[in-house]
Amino acid sequence: MAKENGFLYVVATPIGNLDDISQRAISTLQQVDWIAAEDTRHTGRLLSHLGINAKTLALHDHNEKQRAAGIIQKCLAGEHVALVSDAGTPLISDPGYSLVRQCRDAGVRVIPVPGPCALITALCAAGLPTDKFHFIGFLLPKSQQRQNQLADIPAGVGTIICYDTARRIKDTLQDVTAVFGPERELVLAKELTKTFEHLEYGTAAQIIAWLEADPQRCQGEMVLMIAPTPKAESELSDAELNTLKLLLTELPLKKAAALTAQIHGGKKNALYKVALQLSGETE
Ligand code: SAM
């Protein structure tokens, strides 16, 4: 009788607090033949904490495409493999997409074993709308690239969630102001599930002031969330909004709104309201 294929299990691991590993994740890691890990030494520490002695192999951004072929062969030969990343859910700003895709193409069953994920952990405690959200992964390293990345997000996508690093969070907050205006509500979620877990709420300027009040606050892992586009803004087309933003860099509010209305045939009053929001002024 032909041997049955093994499976690829995509196993989420803790993002800080080791107690967050699920019972099912533990039993999967105990039972598989191989564990493919982003960093075998890092995962080795989790495995020894759990008392699991398993064969590991490294699968990271630089070898994923080649490694995938070997993993698929193992599965086709009847071995079970678990994929883990350093923390959280594999594939979410972490390696694994190519492997999962190739498994799918090769007819190897992929079984998700869900658990922690920083973006969901942050969102569920932020008090920002959760009915729609837009995850953009890591923000780009240079300020102008980041501003373009943020400006490209269409209105109406809901709460925007990004991963960022402690080293550049203050620059990012300036970029958020440049793109969304100084009044946009933000939440910075730091060190989730760890000892110094903290969520800071406010505008970019308020959060920068909070970060600057203590150098330790500029350390650790963080998720930045941006409240959805205010209603008036989301009622404009992307073209109207882009023209208005561009004109606002050169002209007074009223003039920018009037010209945008002329160019796109929109309502001057609605455009003026949005111009006020974008510039942080009130009526
Ligand atoms: N796969 C992971 C997940 O499921 O969230 C994300 C991996 S990505 C390489 C690492 C980034 O996730 C960090 O730079 C940070 O933005 C975010 N992150 C991970 N753990 C976090 C934590 N405990 N608190 C806040 N952000 C965290």
- Bridge orientation stat for the chain from DSSP, antiparallel percent rounded to 5, came to 45 percent
- Item | Cα-projected label distance for GLU4 with ASP61, points at 7 Å along beta-carbon direction, nm | 3.8 nm
- For the range 46-124 and the range 193-263, distance of Cα centres in Å: 36 Å
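For the chain, what % of the accessible area comes from carbon and sulfur atoms, probe 1.4 Å?
Accessible surface attributable to carbon and sulfur in the chain totals 51 percent.
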- Item | Kirkwood-Stokes translational diffusion coefficient of the chain, alpha-carbon pairs, 20 °C, 1.002 mPa s, µm²/s | 101 µm²/s
- So how compact is the range 149-283: Cα radius of gyration and Dmax in angstrom? 16.5, 55
- Task: On each of the three principal axes of the Cα atoms of the range 1-50, give max minus min coordinate, whole Å, ordered largest first.
- Result: 45, 22, 16
- Message: What do you get for the angle between helix 238-248 and the principal long axis of the chain? Use alpha-carbon atoms, 0 to 90 degrees, nearest ten.
- Response: 60 degrees
- Message: Between ARG41 and ALA125, what is the label-point separation in nm under the 7 Å Cα-to-beta-carbon projection?
- Response: 2.9 nm
- Task: Working from the alpha-carbon coordinates of the range 232-279, get Rg over Rh, Rh being the Kirkwood radius.
- Result: 0.88
- Averaged per residue, what accessible surface does the range 232-279 expose to a 1.4 Å probe, in Å²? 57 Å²
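Which whole-number percent gives the relative contact order of the chain, counting Cα pairs below 8 Å spaced six or more residues apart?
17 percent
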- Relative compactness, the range 119-229, computed as alpha-carbon Rg over 2.2 N^0.38 Å: 0.96
- Task: Before rounding to the nearest 500, sum -39500 (n - 2.57) across all DSSP H runs of length at least 4 in the chain and divide by the residue total; then give [θ] at 222 nm in deg cm²/dmol.
- Result: -12500 deg cm²/dmol
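The values are calculated or read from the model by the stated rules, or taken from the named source; none is laboratory data. Note that this is a predicted model, so its numbers are computed, not measured. Ideal geometry is used to build each Cβ from the backbone, glycine not excepted, and the neighbour counts take in all protein chains shown. Protein only, heavy atoms only, side chains kept; ligands, DNA and RNA dropped before computing areas. Shrake-Rupley method; radii C 1.70, N 1.55, O 1.52, S 1.80 Å.
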